[in-house]
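The values are calculated or read from the model by the stated rules, or taken from the named source; none is laboratory data. Bear in mind that the values here come from a model prediction, so they are computed numbers and not experimental data. Positions of Cβ are generated from backbone atoms using ideal geometry, with glycine treated the same way; all protein chains shown enter the neighbour counts. The accessibility values were calculated without ligands, DNA or RNA, using every heavy atom of the protein model including side chains. Shrake-Rupley method; radii C 1.70, N 1.55, O 1.52, S 1.80 Å.
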Amino acid sequence: MSQQSARGFEDLDLRPSGRLSPRKRARVTRGVQYVVLLAAVAAILASVNWTLMREKIFTLEAIRNAAPNIPHAFGNTLLYTLGAFGVSLTLGTVLALMKLSSVKVYRWLATAYIEFFRGLPALLIVFAVAYGLPMTLGVRIPSLFLKAAIALGVVSSAYMAESLRAGIQAVPKGQVEAARSLGMTHSKALIHVVFPQAIRIVLPPVTNEIILLTKDTSLVYVAGMTLAEWELSKLARESLAEPVGGLTALFAIGALYLVITLPLGFVVRRLEKSFGKAKA
């Protein structure tokens, strides 16, 4: 085939056999996928009982009934999350350093703790802290905030420790050796050289852990709570008992969780993107 003929086929975006080129096939495939997606969405919308949806999910009266309790429930959710995160970060840092310690016993203890709490459901730990400790050891935790912080924090710390350990190990050893050669002690090298870089590395997984803790606050209700201690999930469950609105409050409170978690997810993506650029 002459060069001029081949050039003519390229202009038509066809192969010599008359078949579509890969680029053309990709366009056709995408078009078919869009049509199928639009057809599926149209079928779903057509099958929805919009009258029932309006009565059960979009009832303003149900939102008005729940509205007086939303501010303190939203605030309690944030408070329980921050308390658990404080315990998780503190204990996770200690466990990460123990896991990296040259003392074998420390490494064994940290590994046993991490594997134990990663293998248990968070709900079981909430039960243990709220009811098991008072029954077996006579330890009474005075406030629901402390129960939530301890129960969720000890579980989260197992995951936090692994993230922090990975971040510390990701810092090049040459930088530690350079800091030691300048006269820094091992502790100062960790504080001034390793930790600042490790924090930048682990920010995305740590932010993800905050998102998980926010959702895990929905487990705190099993510890028993007064009206003033309600968090968002407890408010949603109680709203289901209202005679009007059906699932309206449930969807509204789900949207409030998104108010917390979506910005955090955006932060994670930005951090991962910026960290990727820094590595490049």
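Can you tell me which of Ala255, Ala241 is on the phi < 0 side of the Ramachandran plot, in a loop (DSSP other than H, G, I, E, B) and without any contact (Cβ under 8 Å) to a residue 40 or more places away in the chain?
Ala241
Scan the range 135-144 and give yes if some residue there is assigned to a helix (DSSP H, G or I) and among the β-branched types (Val, Ile, Thr), otherwise no. Steps first, please.
First pass over the range 135-144, keeping only residues assigned to a helix (DSSP H, G or I): 135-136, 144.
Those still in the list that are among the β-branched types (Val, Ile, Thr) too: 136.
Taking every residue of the range 135-144 in turn, at least one turns out to be assigned to a helix (DSSP H, G or I) and among the β-branched types (Val, Ile, Thr).
Wholly within the range 168-235, which helices (runs of 4 or more DSSP H) include no fewer than the required count, namely at least 1 residues that are in contact (Cβ under 8 Å) with a residue 24 or more places away in the chain and surrounded by 19 or more Cβ atoms within 10 Å (Cβ to Cβ)?
Working: elements: 173-181, 186-189, 195-216.
Once the helices (runs of 4 or more DSSP H) in the range 168-235 are filtered for at least 1 residues that are in contact (Cβ under 8 Å) with a residue 24 or more places away in the chain and surrounded by 19 or more Cβ atoms within 10 Å (Cβ to Cβ), what remains is 195-216.
Only one residue in Leu146, Leu164, Leu120 is over 17 Å from the mean Cα position of the chain (by Cα) and within 14 Å of Ser88 (Cα to Cα), so which one is that? Spell out how you get there, then give the answer.
Details: Leu164 fails: over 17 Å from the mean Cα position of the chain (by Cα); Leu120 fails: within 14 Å of Ser88 (Cα to Cα).
Criteria check complete, one pass: Leu146.
Do you know which residues across the range 132-160 are open to solvent by less than 50 Å² (accessible area, probe 1.4 Å), out of contact with any Phe, Trp or Tyr (no Cβ under 8 Å at 6 or more places or on another chain) and closer than 15 Å to Tyr113 by Cα?
Residues satisfying the conditions are Ala151, Met160.
Please report, ordered by residue number, the helices (runs of 4 or more DSSP H) entirely within the range 37-116 with at least 1 residues that are within 26 Å of Ile191 (Cβ to Cβ).
Numbers: elements: 50-56, 60-66, 70-99.
The helices (runs of 4 or more DSSP H) meeting that bar are 70-99.
Test of understanding: among Ala84, Ala46, which residue is over 23 Å from Leu250 (Cα atoms) and exposed (fewer than 10 other Cβ atoms within 10 Å of the Cβ)?
Values: Ala84 fails: exposed (fewer than 10 other Cβ atoms within 10 Å of the Cβ).
Of the residues listed, the single one that is over 23 Å from Leu250 (Cα atoms) and exposed (fewer than 10 other Cβ atoms within 10 Å of the Cβ) is Ala46.
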